[in-house]
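Read the structure below first, then the notes.
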Amino acid sequence: MKLYVFQVAPNPTKVRLYVAEKNALGDELPVEEVSVNIPEGEARTPEFLAKNPHGQLPVLELDDGRCFAESLAIIEYLEDRFPEPPLLGESPEARLGARQMERYIDVGVMMPIGQAVHATRSPIGLPPNPPVADAANQRADRTLAYIDEVLSDGRPFVMGEQPTVADCTLAAALQFGRYGRLSCVSSHERVVEWDENYRRREAVQGIVIV
Ligand SMILES: N[C@@H](CCC(=O)N[C@@H](CS)C(=O)NCC(=O)O)C(=O)O
């Protein structure tokens, strides 16, 4: 399978982290990464639009040539195909909790951080828009306060003792925030500490680069 990605872009990074975590657990996923340079327009070429008409990353190309987008759908497909060891949790309830948290983080942190970065230091050259950036920063700040509280019991990962897809989404979002030099994370000490510890781990070396 081929996974079309671009470094630092948060949605592809979330899937890359998931694959790296699975590999670190001993499950060598047969996924080959292909870089598509978003700022240089490579996601808008006819060739790439044939893979994803929305021109967005990540895209997973199956061995039979079929292509699928949407980061969480790709992760869930990989988890269905390679269920052991699990990265969504052991029981249905654990998976429910991990998916719930992943959604909170995607909608409440990654999306507003993406909006804030594109409204301040857009990698694809969008014009600055301070009111949009401020509102998005505030939205991210609210969800980060919630995650900070979740982490207050000293757990190493968002869902407890083991990494899940929730950690992948959070780390990918925070990296994009650092790229955009956003300040919304810095006041949440436990999130900052979680992020430093997460990035230090051998499993994810070379993926979180900013
Ligand atoms: N909901 C989609 C969002 C995908 C997305 O927004 N990808 C961004 C990179 S993080 C992209 O390809 N942007 C290029 C563009 O929209 O032109 C997912 O979860 O995969």
Point to revise | Number of positions in segment 1-41 that are more than 10 Å from the ligand (Cβ to nearest atom) and over 20 Å from residue 210 (Cα atoms) | key: 14
Review point. Across segment 188-198, what is the total count of residues that are under 17 Å from residue 163 (Cα atoms) and open to solvent by less than 30 Å² (accessible area, probe 1.4 Å)?
Key: 4
Point to revise | Residues of segment 95-143 satisfying the condition of being among the β-branched types (Val, Ile, Thr) and not in a helix (DSSP H, G or I) | key: 120, 124
**Study point:** Scope segment 73-84; condition under 15 Å from residue 21 (Cβ atoms) and either within 16 Å of the ligand (Cβ to nearest atom) or open to solvent by 40 Å² or more (accessible area, probe 1.4 Å) (or both); matching residues
**Key:** 74, 75, 76, 78, 79, 83, 84
Review point. Looking at segment 47-64, is at least one residue closer than 29 Å to residue 125 by Cα, among the small types (Gly, Ala, Ser), within 11 Å of the ligand (Cβ to nearest atom) and surrounded by 16 or more Cβ atoms within 10 Å (Cβ to Cβ)?
Key: yes
Study note, to complete from the structure: When every residue in segment 199-210 that is touching a residue at least 40 places away in the same chain (Cβ under 8 Å) and in a helix (DSSP H, G or I) is compared, the one least open to solvent (accessible area, probe 1.4 Å) is 204
**Study point:** Matching entry among 102, 84 (being under 17 Å from the mean Cα position of the chain (by Cα) and of a type in the set (Asp, Glu))
**Key:** 102
Review point. Where residues in segment 5-53 are over 12 Å from the mean Cα position of the chain (by Cα) and either of a type in the set (Val, Ile, Thr) or outside the structural domain of residue 70 (by TED's automatic domain parsing) (or both), which of them is nearest to residue 203 (Cα to Cα)?
Key: 31
Practice item. Would you be able to say whether some residue in segment 171-187 is open to solvent by 20 Å² or more (accessible area, probe 1.4 Å), modelled with pLDDT of 95 or more and not in a loop (DSSP other than H, G, I, E, B)? Key: yes
Point to revise | Selection from segment 14-44 of residues that are under 11 Å from residue 3 (Cβ atoms), surrounded by fewer than 22 Cβ atoms within 10 Å (Cβ to Cβ) and in contact with a Phe, Trp or Tyr (Cβ under 7 Å, 6 or more places away or on another chain) | key: 29, 34, 35
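The values are calculated or read from the model by the stated rules, or taken from the named source; none is laboratory data. These numbers were taken from a predicted model, which means no experiment stands behind them. Counting neighbours? That spans all protein chains shown, and the Cβs are built from the backbone with ideal geometry, glycine included. These accessible areas exclude ligands, DNA and RNA; they are computed on the full protein's heavy atoms, side chains included. Shrake-Rupley method; radii C 1.70, N 1.55, O 1.52, S 1.80 Å.
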